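A short worksheet on the structure shown next.
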Amino acid sequence: MNLDELNKIALGMVTPGKGILAADESSGTIKKRFDSIGVESTEDTRRDYREMLFRTETAMREHISGVILFDETIRQNAKDGTPLVKLIQDAGAIPGIKVDMGAKPLAGAPGETVTEGLDGLRERLAEYHALGARFAKWRAVIDIDGAEIPSGYCIAANAHALARYAALCQEANIVPIVEPEVLMDGDHDIDRCYDVTEFTLKSLFDELYAQDVALEGTILKPNMVIAGKKCPVQASVGEVAEKTVKCFRAAVPAALPGIVFLSGGQSDQEATAHLNAMNAEYKDQMPWALSFSYGRALQAAPLKAWGGKAENIPAAQGAFAHRARMNGLAQLGEWSDGLEAA
Ligand code: 5MM
């Protein structure tokens, strides 16, 4: 492990004004996304769609620090034969790779999951490094349902797996993004999300410490502290920003270079407004950079504008460039509502 190199990559992932494009939808998820616009999901349509994003010059050069890829994509070439990884590198962004094999039912814990994918991971990481990946991602899913879910067992099992994955990444000179996602699908209020997120983060950092993972070469990808989508009382932008920063200050060590949020089903503009509020109001209270690693909140608009038609590519690239710019500004705390129309 070369910690200087890992730290340099991690800092590059949280370059001011930039964030990460999560384009690592697994086959099932990308099919769902394509179904929503009436496009068949084939190797070629997936390639065309992602090539279109990676060729969006202004977005990629100015606002995207890295791209998380799926196994198929890291091996794919653009239509003209250029490897997709090279398109990303040529735009000055860092290629990354999703290495988990998905959330599977956790034995003995009905309704809960543990993320799998550790078997053979050392060998896969060596191959991904050779293919150009300099960071990786592993997502654990923590559901909230009543008082019993999540169980301490589920959080401990996922934290343990995240730390094992992170240690293997660093051994391979790949920066691990650790993603413990507390879902916002339920009817829980923001305070329940706060408690579960704080407990999950503290458990994760305990495990990272126990397994000798260097935080200087690690990036955290968490949910924001936010009410469940079905909760009748939704928190204001100011409350989400205040509670998220408070929770992270209590649970995340200062040695970590950066935190990149997932959007988790928030609307495009909510995800931008929340990130902006945290950076505008609390920058001087945070030891780490705060940025984005959005999937849906960066891609929903371009996906819809594209609709699988070549003639829509300029409009789709415009939509992607716009969202990337809005989130780049939010990373600096310089976004405002009025800029959405500009
Ligand atoms: C882009 O979606 C990622 C892959 O999801 P699956 O493994 O379920 O196909 C996902 O991990 C994503 O990176 C994060 O959840 C953040 O994406 P959102 O859409 O929540 O910003």
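Within the chain, DSSP assigns beta bridges of which about 15% are antiparallel (rounded to the nearest 5). Close amide H partners of Thr115, meaning residues 5 or more places away or on another chain with modelled amide H under 5 Å apart, are Lys104, Val141.
Its convex hull of Cα atoms gives the chain a direction-averaged projected area, equal to a quarter of the hull surface, of 16.1 nm². Cα centroid separation, segment 120-149 to segment 7-26: 15 Å. Between Leu339 and Glu311, the modelled labels are 3.4 nm apart [label points 7 Å from Cα along Cα→Cβ]. Helix check for the chain. Which DSSP H runs span at least 20 Å along their own axis by Cα, with a mean Kyte-Doolittle hydropathy no less than -1.0? Helices passing the filter in the chain: 152-171, 190-210, 237-251, 268-282, 313-332. For segment 28-102, the set of GluC sites (Glu not before Pro) satisfying both a DSSP loop assignment and a count of at most 15 other C-beta atoms within 10 Å is given as Glu40.
What you get for the chain, charging only the Cβ of Lys and Arg (+1) and of Asp and Glu (-1), is a dipole of about 660 debye around the Cα centre.
Using +1 at the C-beta of Lys and Arg and -1 at the C-beta of Asp and Glu, which of Ala136, Val114, Ala157 has the Cα lying farthest in the positive direction of the dipole of segment 95-159? Final value for the positive-end residue is Ala136. Think of a 1.4 Å ball rolled over the protein heavy atoms: segment 3-341 then has 40 Å² of accessible area per residue. Near Ile64, the amide H atoms lying under 5 Å from its own belong to Gly19; only residues 5 or more places off or on other chains count, and H is placed 1.01 Å from N. Once the Cα-Cα distance is subtracted from the 0.36 nm per residue extended length, the Glu116 to Glu171 segment shows a gain of 17.9 nm.
Each of Gln170, Leu11, Val67 was placed along the dipole of the chain (beta-carbon charges, centred on the mean Cα), and the one lying farthest toward the positive end is Val67.
The values are calculated or read from the model by the stated rules, or taken from the named source; none is laboratory data. What you are looking at is a predicted structure, and each value in this text was computed from that prediction instead of being measured. Heads up, the Cβs are rebuilt from the backbone with ideal geometry, glycines too, and the neighbour counts pull from every protein chain shown. Accessible surface areas use protein heavy atoms only, side chains included; no ligands, DNA or RNA. Shrake-Rupley method; radii C 1.70, N 1.55, O 1.52, S 1.80 Å.
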